[in-house]
Amino acid sequence: MGVEPAPDPLDEQVEEEGGPIKSFLEHLEDLRWVLIKSGAAAGVAMLVCLLAGNYVVRILEWPLSRAPIKQAKYTQSARVLFGTNQLGIFPVATNDPLASLTGTNRFVQLQITPVMMNDRAVLTVTASKDEEAAQRQKLPIEIINLSPAGSFIVATKVAFFGGLVVAAPFIFYFVASFVFPALKMREKKYIYRGLGFGAGLFLAGVTFCYFILMPVALAASAKYAEWMGFTANQWRAEEYIGFVCKFMLGMGLGFELPVVVLTLVKIGVLSYATLSKARRYVIVINFVLGAVLTTPEVITQVLMALPLQLLFEVSVWIAWYWERQEKKREAAEASGMVVRET
């Protein structure tokens with residue numbers, strides 16, 4: 001019967017630390033390659049989003065089409081038809097020449113018809129009450145470009161934010177390949193789990209913002225403009241795209257809060273007591289994020305701050321449960337040792 005060789009302390013150290021020990025210059029070389037690969041991934045992703053900019057813009061305009069933006073009660077509008085083709089729906093001001101045709105009706109249909117008179121084609125306009133007024137309660141908002149460089153600014157923003165989202169998994173992978181060798185196996189396990197849950201929470205935050213929060217925020221912005229006496233039927237393209245991208249990205253990052261907090265709890269950096277004391281500061285931070293990333297009105301800020309605060313509270317209670325289970329386990333182990341000693 002052979003004798004098993006004693007374990008090598010160096011091998012145990014490598015297994016525990018996750019990788020061999022490198023010199024400072026070797027770490028700098030690894031960091032340089034991480035930055036190069038991350039920059040290349042971001043550049044390729046931004047180029048792809050730039051080439052597909054028109055499709056990305058259509059996606060970003062969808063929340064606006066779903067926003068419950070209704071016309072003001074005092075607003076008149078005219079739907080202009082040429083034959084069976086609809087030329088558009090236009091708001092009618094009190095000093096507008098169309099006001100004489102609309103009269104007191106809020107929604108009017110103007111039918112343009114060519115008529116032959118004295119061997120000449122003449123266009124006649126017939127005004128009637130719009131029978132499809134129920135479908136016209138929604139205020140049509142146009143995304144317009146008001147400067148020669150506006151389209152290039154929009155394309156740059158689309159490429160930048162879209163490229164960051166597309167390249168994020170690759171950048172995380174490159175950064176992880178640089179950081180993970182310095183972590184212990186226990187720390188790696190928790191961070192792997194955190195990355196998995198973090199990806200799901202990021203997508204959940206972006207989805208929540210895109211389908212639920214964004215239409216409400218855009219409708220609130222239009223209502224606020226009407227309350228201030230401004231027209232809200234035209235928005236600048238670069239400002240709209242920048243607002244939507246920052247809003248969704250901020251909401252996605254905000255939903256990462258439980259992953260960051262619970263990973264730090266597992267590693268030992270944070271505890272339940274620390275999180276409980278930080279609650280008041282987190283409330284202020286969430287409302288500050290709501291004020292910075294959303295429209296300047298209270299409803300949207302609260303709608304963004306509430307989910308973030310709820311996620312933080314869930315993280316606090318999970319940390320409390322983990323500490324409670326850890327204390328029970330330690331107490332059970334201590335009692336078992338006492339029994340064996342007696």
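The values are calculated or read from the model by the stated rules, or taken from the named source; none is laboratory data. Note that the structure is a prediction, hence the values are computed from the model and not measured. Every residue, glycine among them, receives a Cβ derived from its backbone with ideal geometry; neighbour counts consider all protein chains shown. Note: areas computed on protein heavy atoms with side chains; ligands, DNA, RNA excluded. Shrake-Rupley method; radii C 1.70, N 1.55, O 1.52, S 1.80 Å.
Between the alpha-carbon centers of the stretch 232-253 and the stretch 205-224, tell me the distance in whole angstrom. The two parts, judged by their Cα centres, are 10 Å apart.
The slack in the chain from Ala176 to Ser65, taken as 0.36 nm per residue of separation less the alpha-carbon distance, amounts to 36.0 nm.
Full extension of the segment from Leu51 to Val269, taken as 0.36 nm per residue of separation minus the current Cα-Cα distance, would add 74.1 nm.
With contacts taken as Cα pairs under 8 Å and at least 6 residues apart, the stretch 255-317 reaches a relative contact order of 44 percent. Each label point was placed 7 Å from the Cα along the Cα-to-Cβ direction; for Tyr321 and Leu81 their separation is 6.0 nm.
One chain, two ends: Val284 and Arg120. Fully extended at 0.36 nm per residue, the span grows by 51.9 nm beyond their Cα-Cα distance. Largest first, the residues Glu323, Glu26, Glu239 sort by 1.4 Å accessible area into Glu239, Glu26, Glu323. Shown here for the stretch 188-285: chymotrypsin sites (Phe, Trp or Tyr not before Pro) in loop regions (DSSP other than H, G, I, E, B) with at most 10 other Cβ atoms within 10 Å, namely Phe230.
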